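Presented below is the structure to which this report refers.
Values quoted throughout were computed directly from the atomic coordinates according to the rules given, and no laboratory measurement underlies them. Here the structure is a predicted model, which is why all the values come from computation and not from measurement. So basically every Cβ, Gly included, is an ideal-geometry build from the backbone, and we count neighbours across all protein chains shown.
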């Protein structure tokens, strides 16, 4: 378990198993009902209500990917266990496509009115979302708390692989937390897949949430990636976790239920960031905007050799952060291998830093999926990833002969693209 008071306690609370909240007797699932509330601008917000006779009520809001079949299944299971669940399609109500930029356009009042409609003295209320869905959820909760100052019955918040940043920054640029994060005051439980760059940002995001009084708990979901319960390429482990989505939600609610209620207030939310663009920019190897002096990179290799970036002074070096579970990484690695062979007679080196995977996993990947000859470095504890401030996989840095970061990008590319080859050759010729 983790709270803001003791950030790295053992998570003994989460070993309790499938325990239901007190007073929530299991009941047979009832027929799903259509529900509707009216927002302050007259918009009708529709939802699917999974009724139950217990004392717990969940409001489940969509992520940028929209409502998923696994969420409907989990809502059915929760209702069968005595936990009434409202599955809300915010996109449909506003005639918006399910995208991250659409979530920027959801008024906080939509969620506030949902909380007003679901809040009662007879139910403990919890708000659920994942990914970028954290934005309308926390904005709506913040607005509700402003209108109910000092309440001791603040809804609990359960977030699955939440996206707390405005967007993934280009390497070298400062990441911006969503402004509402540091204005949030609520009990929060985070279900965080371990195979995710966001796992390594918890030491930043949890303190940010706690600054306004939030108690934050988290559980790492081992061997799982973001979107584990609706990935088309889900592993067996991810499928098992997807089947346990409802129990995971119940356990998170139990942890929050056990935390003592107290009076809560929130300060005004004034600063807002510009909405996300509606289209994704093309991946481009851009000039590096940060400090050109790279952080240290001294790591053991898969071949048991010790590697030190500083030993490659006088060479052009491509430092690539990757993981075997990352499909874009897998997609770009063959072009990296071809690039290495193309430039084998030049002063060019690739150092591919693997994120916290064990040797058998990496060797199996190289033998059965992508065979490469460039060095694989082992970042066993994620320290290098944190020092280099990596936000996404893959992320690559191109370093010149003087040891300065000159270009960088996040996301996969074809490293034999003419424009990319031209930039590398210019560095080689300097």
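Shape of the stretch 226-304 from its Cα gyration tensor (a ≥ b ≥ c, root eigenvalues): rounded if a/c is under 1.5, otherwise prolate when a/b > b/c, or oblate?
Working: a/c = 1.76, a/b = 1.25, b/c = 1.41.
Cα axes put the stretch 226-304 in the oblate bin.
Given their separation in residues at 0.36 nm each and the Cα-Cα distance between them, residue 270 and residue 174 gain 32.5 nm when the chain is fully extended. Using the Cβ-Cβ distance between residue 293 and residue 53 with R0 = 45 Å, the FRET efficiency computed as 1/(1 + (r/R0)^6) comes to roughly 0.10. Relative to the longest principal axis of the Cα atoms of the chain, the long axis of helix 134-147 lies at roughly 40 degrees. Centroid-to-centroid, using Cα positions, the stretch 57-124 and the stretch 334-395 are 40 Å apart. For the stretch 139-178 and the stretch 254-330, compute the distance between their C-alpha centroids and round to whole Å. Measuring centre to centre over Cα atoms gives 20 Å.
Using only alpha carbon pairs under 8 Å that are at least six residues apart, calculate the relative contact order of the stretch 12-257 and give it in whole percent.
Normalised by residue count, the contact order of the stretch 12-257 is 19 percent.
Think of it as helices only: each DSSP H run of n ≥ 4 in the chain is worth -39500 (n - 2.57), and spread over all residues that comes to -8000 deg cm²/dmol at 222 nm. For the peptides 303-311, 291-299, the ranking by packing is 291-299, 303-311, with the highest mean count of neighbouring Cβ atoms within 10 Å listed first. With contacts taken as Cα pairs under 8 Å and at least 6 residues apart, the stretch 286-429 reaches a relative contact order of 36 percent. Any chance you could give the angle, 0 to 90 degrees and rounded to 10, that helix 69-80 forms with the longest Cα principal axis of the chain? Result, in degrees: 30.
Give me the one-decimal Kirkwood hydrodynamic radius in Å for the chain, with the sum taken over alpha-carbon pairs.
Working: mean 1/r = 0.0430 Å⁻¹.
Answer for the chain: a Kirkwood hydrodynamic radius of 23.2 Å.
Packing, taken as the mean count of other beta carbons within 10 Å per residue, orders the peptides 354-364, 139-149, 266-276 from highest to lowest as 139-149, 354-364, 266-276.
Only Cα pairs under 8 Å and 6+ residues apart enter the sum, and on that basis the relative contact order of the chain stands at 14 percent.
What shape does the stretch 12-257 have by the C-alpha gyration tensor, where a ≥ b ≥ c are the square roots of the eigenvalues, rounded means a/c under 1.5, and otherwise prolate means a/b greater than b/c and oblate the rest? Please list the in-between numbers first.
On the way: a/c = 1.30, a/b = 1.09, b/c = 1.18.
Since a/c stays below 1.5, the shape of the stretch 12-257 is classed as rounded.
For the chain, the longest principal axis of the Cα atoms and the long axis of helix 418-429 meet at an angle of about 50 degrees. Once the Cα-Cα distance is subtracted from the 0.36 nm per residue extended length, the residue 41 to residue 363 segment shows a gain of 110.2 nm. Peptides 170-179, 320-329 ranked from most to least packed by the mean count of surrounding Cβ atoms within 10 Å: 320-329, 170-179.
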